[in-house]
Each structure stands twice: as C-alpha cells, then as structure tokens.
Amino acid sequence: MMIFSTIMNCMSKVQTVAFVIVALCFLQTLAEPNPVNVHINHVVANIYPQEYSEVDLGVLNLDLKTDLKPLFNWNVKQLYVYLTAEYHTKHNILNQVVLCDKIIKNGDEAKLDLKGLTVWFGDKENELRGNENIVLTLSWNLVPNIGFLPRYSGTGAKVINFPFIYKVATKLQDRRLIGKIKQYYNNGILQRLEESEGD
C-alpha cells in the first residue's frame, strides 16, 4: 500500500510539472512577433477586357522583397505566405483576392527577393478599370507546433491604381500571358509566389 501511494505521489508531481511546462509554452505562443518590413516596388498595372464575359482582368507586374527568417523559432513549423489585393467597388464594400501563395518550411527559404513577379485577378462587375484603391498586402499564417494559428501582415502595403483604358493583347508576350491565365483559371490553380518565368 505504501509503494502504491509513493508511485501515485510521483505521478502527480510529474503531471504537475508537465502541465506547467505546457502552460508556459502556450503562453509564449500568444506573444506577437516583431513586425516585418515588406517592400513592393515597380508595380505596373494593366487591365484587359475578357472576350465573351463581363469580367475585367487585372494584371500586375511587380518586385517583392522581404526577410521572414526572424519569424522562425522553436514553435514555428512552417509559414503560409500569401499576397492579397483588397479594394472596394460600387457593388461590394470589400473585395479580397489571394493573388499567389507559398509555403515556407524553414528559415533558409524565408528570404524573398522576387523580380518581375506577374500576378492577375478578375472582377466580375467590370469595376477594376480606373479603380484607384487597390491595396497589395503580404500576409502570413504561422503554423505552430503548439498553440493557435495566427495571421499577420507585413508593414509596407502598396496602394496602386488601374488605368482607365483597357489594354489590347496585341504583342505575342501579352497573348501568351492571357492564354496562361485562362489555363490557370480553367484548372482552378492558384499561382505560386515564385519569380515569374521569362517568355
């Protein structure tokens, strides 16, 4: 009987220590990481009409640079990083579109320096033309080993505007791009956050 009581006391102490360690780990996950600067530069915005549909196609060419390595610690399993466009129109107060994304599994992959990244999105109400309040933001989810799945955004969002005149895809490069975009849409593929391939 004495041995059983001793074993139960030991087990109780081990459980208490384990609970305290887990509680401390959980509390550490609630602390927000330091802000990360994101540089979105050299944005060229074009807009194309879509044949046989009431959709504006916005195409952006841009440079994106940031270093997400400081976000990695013992509790970060991976980062889900995505570039979004937010804007309002007459028909919708808020439109949010994920333009491209990337999963970063370790700190060695966390430095992004993308030149000539081409992203696109459509608007079903034909309200991209002349829209002057498109906000580009790089955001990420920290996928933890323990704790919540928080969402953060980098500092340095970029406000852009689309021209009032449609661009006609006359150049071979433009026609290839439009064809590639249609293929992505038809297959339901979200573009990866990678450097644009040269044509």
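For Lys69, work out the one condition from (1) surrounded by 12 or more Cβ atoms within 10 Å (Cβ to Cβ); (2) under 20 Å from Asp123 (Cα atoms) it doesn't fulfil.
Every condition holds for Lys69 apart from (2).
Please state which one of Val43, Val55, Val76 is closer than 24 Å to Ile134 by Cα, surrounded by 12 or more Cβ atoms within 10 Å (Cβ to Cβ) and at pLDDT 80 or above.
Val43
Filter region 65-78 down to the residues that are assigned to a strand (DSSP E or B) and over 14 Å from Gly147 (Cα atoms) and list them by number.
If the condition is that a residue be assigned to a strand (DSSP E or B) and over 14 Å from Gly147 (Cα atoms), then Lys65, Thr66, Asp67 are the ones that fit.
Looking at region 138-170 only, could you name the residues that are at pLDDT below 80, under 15 Å from Val59 (Cβ atoms) and either surrounded by 11 or more Cβ atoms within 10 Å (Cβ to Cβ) or not assigned by TED's automatic domain parsing to the domain that holds Phe121 (or both)?
Within region 138-170, Tyr166, Lys167, Ala169 qualify.
Restricting to region 90-108, what's the tally of residues that are free of Cβ contacts under 8 Å to residues at least 60 places away in the same chain and either surrounded by fewer than 16 Cβ atoms within 10 Å (Cβ to Cβ) or assigned to a strand (DSSP E or B) (or both)?
13
The values are calculated or read from the model by the stated rules, or taken from the named source; none is laboratory data. Keep in mind that this is a model prediction, so the values were computed, not measured. Please note: Cβ atoms are built from the backbone with ideal geometry, for glycine as well, and neighbour counts cover all protein chains shown.
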